[in-house]
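These notes are about the structure you will find just below.
The values are calculated or read from the model by the stated rules, or taken from the named source; none is laboratory data. Everything numeric in this text was worked out from a predicted model, so none of it was measured. Cβ placement follows ideal geometry from the backbone for every residue including glycine, while neighbour counts extend to all protein chains displayed.
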Amino acid sequence: SEHQIRRSPATDLLGTIELNYEIIKGLKIAGNYQYEQAHGLGTSFADQYSYMARDYVNRFTQLQNNKVEYIIPVGGILDKSTSLMHANNLRGTLSFDRSFGKHMITAIAGAEMRDARQESNNNRFYGYNPDNLTFGNIDYKTSYPTVITGAKDYVPNSQTLSETVTRFVSQFANAAYSFDNRYTLSGSLRRDASNLFGLKTNDQWNPFWSAGAAWKISNEKFFNTGLVSYLNLRTSYGFSGNIDPAMVAVNTIAFSSPSVFTGDPSAAFVNFYNPLLRWETSKMLNIALDFRTKNNRVVGALEFYHKWGRNLFGQAPIDLTTGVNTSMQRNVANMHGQGWDLELTTKNIDHTHLKWNSTLNMSQYKDVIDDYLISRTLAQQYVNVATPPISGIKGKPVYAIYSYKWAGLDPNTGEAQGYLNGEVSKDYTAITGTGTKEEDLNYHGSAIPTLFGNLQNSVSYKDFSFQIGITYKLGYWFRRSSINYTNLFNSGKGHSDYAYRWQNPGDELITDIPVNPYTTNSNRDRFYEGASVLVEKGDHIRLQYINFGYDLPTFKGFKRLHIYINIQNIGILWKANKAGIDPDFNLGSGRTIVPRSYSVGIKTSI
C-alpha cells in the first residue's frame, strides 16, 4: 500500500580466526574462534491517510458536548524495532590421521563453546509527522469507550524490551579404524550442555554416542564378478537427544509494562518447574548397501532404517490440584518409525555426442505412536480442519486424517447428515461434541506422504542439453476445503462449491454440497468441514522443472558461454483425487500457491 511502508534492513558481520599446527606426522592440533554480530532495524510507517492510522484515531475519538477529543492524535503511526545479536564461538580439536601398512586410523577429539546474547526493543509513536519528527503523547492508563461498540478499551502500547543469553558447551570424539581397505569400525561420543538456569551441573549434561561398521565386499578375494565393480555394506546405531531451553529447576517469571489498571509493575509466570522433565531422546539403526557396476553405468545406494523417539516434548496441562490452570512442557509421547531410501543413477546412453543420464530418488517412511500421555475428551480434537493434529492414538501414525462419518444430504431439506449412536442424525452439536467418540470416527490414513521422491533425466547432444525433473508423493490423505456458511454470512468468505449446492429434491443424487440455510451454525459447519466426504487421496505426480541449454561458440577471453531457459513449477501430471485439487496447495492447507516461473540467462567462465 502506498500509505503503509515497511522496511527491515539488516547487517551481519562474521569473522573467523583459525590456527593449525602439526605436532608430529599425522597428529594435528587446531583452534578456531568465530565472532558474529547481527543488527536489524525494522520500520513500519502508516501515514495519516492509511486505514490503520484512521482506524486507530476514529476508534478512540471521544464526543463531549459536541466537541471532538482525539485520544490518539491525528497523524501517522510509526513502529520501530531494533535487534542486536553478539555471538562468540570457540572450538579446539586434536586430530590423528595415519596409515601403518594395512592399518589406517582416523580420530578427532575436541570441545566447543558458544555464547550468544540477543537483545531487542520495540516502540510505537502515535501522531507521527515524518517532516519534523514529532509525535504525540498517549495516556495508556485510562480506558476509553470505543466508537463502534462503546466498550471500553486501552490504547495499545507496543513498547517491549527483551534480552536472552544462551550458552552451550560440547565435548566430542570420533574415531575410525580400517584394515586392508576392507573392514572399518567407527564410533563417536558427544556430551552437550547449556546454561539451564537453576539445574545441577550433572543434570545440564547428556551424553550421546554412535557406533558403526562397514565391509567393502568388492575388495575381498572371493568377490570376482565383471558386472559389479564396487559393493559396500555398512551399518550404524546411534543415540542422540534434545533439550528444551525452558527446562528450569525453579519457577521463573517475566516482568512487563506497568498494569493499566493500577500503574504498578506487573509480572507473570513463564515457566513452571517440572522435576520429571527429561531429555528428549532418539535412537536410530541404519543398514545400507552401496554399489556400482562396471564403468559406473549404474551407481546407487539402498538404506533401511528404524528410529525410536522417547520422552518426546509436548504441551500438557498441569494438574489442576496445583491451583494453576495452564500447560507446561512435559515428556508426553513415545513413537517409532521405519523406512528405506533408494538412490539410483544410471548412464542410459554414453556416446561421444549423445548422453542420457537418469537419477531416481525414492523414500518410504511410516511412523507409529507407542504412547501418548495427553488425554483428549472430544472426538473433534482429532478432526482439525486447517492442520492435521498429532493423532495421539496408539498404533496409528503421528499425523493422521480422521473424519466424521457421512450419511449424505437430507433428500427433503438438503442439509448435511451424520451419525449419532449409529443412527442418521442432524444434531450437529452432539455429533461434534460429547456424542462422538474417537472410535466413532473414520480413520483414513497418514496425513504425510509415505512414499515420495523424484526422477531426473538429463540428455545432451553436442552443444545442446535438456533436463527434466519429476516429483511424486504417494500414500497419504488430505482434507479439501468447501463452503462454510457461517463464514459466508459473517465475513463474506465464500467458496466455488457454492455453485454446486443442493437446491431442489433429487440434487442429493448429484452433489454433496449442503443447501444454503441462510442461517449461521458453527457446529453444523464444523461437522461438514470434518466429514469424510471432504477427505481425498493426496497421491500425485508433478512436473517440477524443465531446463534447455546451449553452449555458444566461445569468444576470445571466454572459456565457456552457456545460454539457458528454465521453467519451474510447471504443474501436476497425475493426481488421485477427482476434485481437480492440487494437494500441496489445497486452500485448507494454508500454503500459498507457488506460481510457475520462467527464467533466461547466460553463464560464462573466463
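For the reader, a short list of remarks on this structure follows.
- Strands (runs of 3 or more DSSP E) wholly inside segment 464-577 containing at least 1 residues that are of a type in the set (A, V, I, L, M), within 30 Å of LYS426 (Cβ to Cβ) and in contact (Cβ under 8 Å) with a residue 12 or more places away in the chain: 535-537
- Scanning segment 316-346 for residues that are farther than 28 Å from LEU302 by Cβ and either surrounded by 15 or more Cβ atoms within 10 Å (Cβ to Cβ) or in contact with a helix residue (DSSP H, G or I) (Cβ under 7 Å, 6 or more places away or on another chain) (or both) yields ALA316, ILE318, MET328, GLN329, ARG330, ASN331, VAL332, ALA333, ASN334.
- Test: residue in segment 132-152 that is in a strand (DSSP E or B), free of Cβ contacts under 8 Å to residues at least 12 places away in the same chain and touching a Phe, Trp or Tyr at 6+ places or on another chain (Cβ under 9 Å): yes
- Residue ranges of strands (runs of 3 or more DSSP E) in segment 2-47 with at least 2 members of a type in the set (Val, Ile, Thr) and closer than 30 Å to GLY75 by Cβ: none
- Among the conditions (1) crowded, with 17+ Cβ neighbours inside 10 Å; (2) within 30 Å of SER218 (Cβ to Cβ), the only one that ASP192 does not satisfy is (2).
Listed here are the residues, each with its yes/no results for (1) within 39 Å of the chain's Cα centre (by Cα); (2) more than 30 Å from THR164 (Cβ to Cβ); (3) surrounded by 11 or more Cβ atoms within 10 Å (Cβ to Cβ).
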{"residue": "HIS3", "(1), (2), (3)": "yes, yes, yes"}
{"residue": "ILE17", "(1), (2), (3)": "yes, no, no"}
{"residue": "TYR21", "(1), (2), (3)": "no, yes, no"}
{"residue": "LYS25", "(1), (2), (3)": "no, yes, no"}
{"residue": "SER44", "(1), (2), (3)": "yes, no, yes"}
{"residue": "TYR49", "(1), (2), (3)": "yes, yes, yes"}
{"residue": "ARG54", "(1), (2), (3)": "yes, yes, yes"}
{"residue": "GLN62", "(1), (2), (3)": "no, yes, yes"}
{"residue": "GLY110", "(1), (2), (3)": "yes, no, yes"}
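- The condition of being among the hydroxyl-bearing types (Ser, Thr, Tyr) and under 22 Å from ILE390 (Cβ atoms) holds for SER481.
- The listed residue being surrounded by fewer than 16 Cβ atoms within 10 Å (Cβ to Cβ) and at negative phi, out of LEU133, LEU161, LEU78: LEU161
- Restricting segment 507-532 to residues that are surrounded by fewer than 18 Cβ atoms within 10 Å (Cβ to Cβ), touching a strand residue (DSSP E or B) at 6+ places or on another chain (Cβ under 8 Å) and of a type outside the set (Ser, Thr, Tyr), the residue that is nearest to PHE466 (Cα to Cα) is ASP507.
Conditions tested, residue by residue: (1) closer than 30 Å to ILE148 by Cβ; (2) at pLDDT 95 or above; (3) in contact with a helix residue (DSSP H, G or I) (Cβ under 7 Å, 6 or more places away or on another chain).
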| position | (1), (2), (3) |
| --- | --- |
| ASP12 | no, no, no |
| GLY26 | no, no, no |
| ASN58 | yes, no, no |
| THR61 | yes, no, no |
| ILE71 | yes, no, no |
| LEU84 | no, yes, no |
| PHE96 | no, yes, no |
| ILE105 | no, yes, no |
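- Out of ILE148, ILE138, one residue alone is farther than 30 Å from ILE108 by Cα, out of contact with any Gly (no Cβ under 6 Å at 6 or more places or on another chain), modelled with pLDDT under 85 and among the aliphatic types (A, V, I, L, M). It is ILE148.
- Failed condition for MET104, given (1) loosely packed, with under 15 Cβ neighbours inside 10 Å; (2) touching a residue at least 24 places away in the same chain (Cβ under 8 Å): (1)
- Residues in segment 179-198 that are closer than 30 Å to TRP279 by Cα, at pLDDT 85 or above and touching a helix residue (DSSP H, G or I) at 6+ places or on another chain (Cβ under 7 Å): none.
- Figure legend. Inter-residue proximity from segment 372-385: first residues under 20 Å from ILE318 (Cβ atoms), second residues modelled with pLDDT of 85 or more and among the charged types (D, E, K, R), beta-carbon distance below 7 Å, spacing 6+ or different chains. Indicated pairs: TYR372/LYS394.
- Residue among ASN586, ASN569, ASN547 that alone is at pLDDT 95 or above and polar (S, T, N, Q): ASN547
- Among the residues of segment 411-432, none qualifies, meaning not one is within 22 Å of the chain's Cα centre (by Cα), surrounded by 16 or more Cβ atoms within 10 Å (Cβ to Cβ) and not hydrophobic (A, V, I, L, M, F, W, C).
- Note on segment 14-30: among residues that are touching a strand residue (DSSP E or B) at 6+ places or on another chain (Cβ under 7 Å) and hydrophobic (A, V, I, L, M, F, W, C), the one that is nearest to SER99 (Cα to Cα) is LEU27.
- Residues (part of a loop (DSSP other than H, G, I, E, B), farther than 30 Å from ALA430 by Cβ and β-branched (Val, Ile, Thr)) located in segment 352-396: THR352
- Some residue of segment 347-364 being buried (at least 16 other Cβ atoms within 10 Å of the Cβ), modelled with pLDDT of 90 or more, within 30 Å of ARG297 (Cα to Cα) and under 20 Å from the mean Cα position of the chain (by Cα): yes
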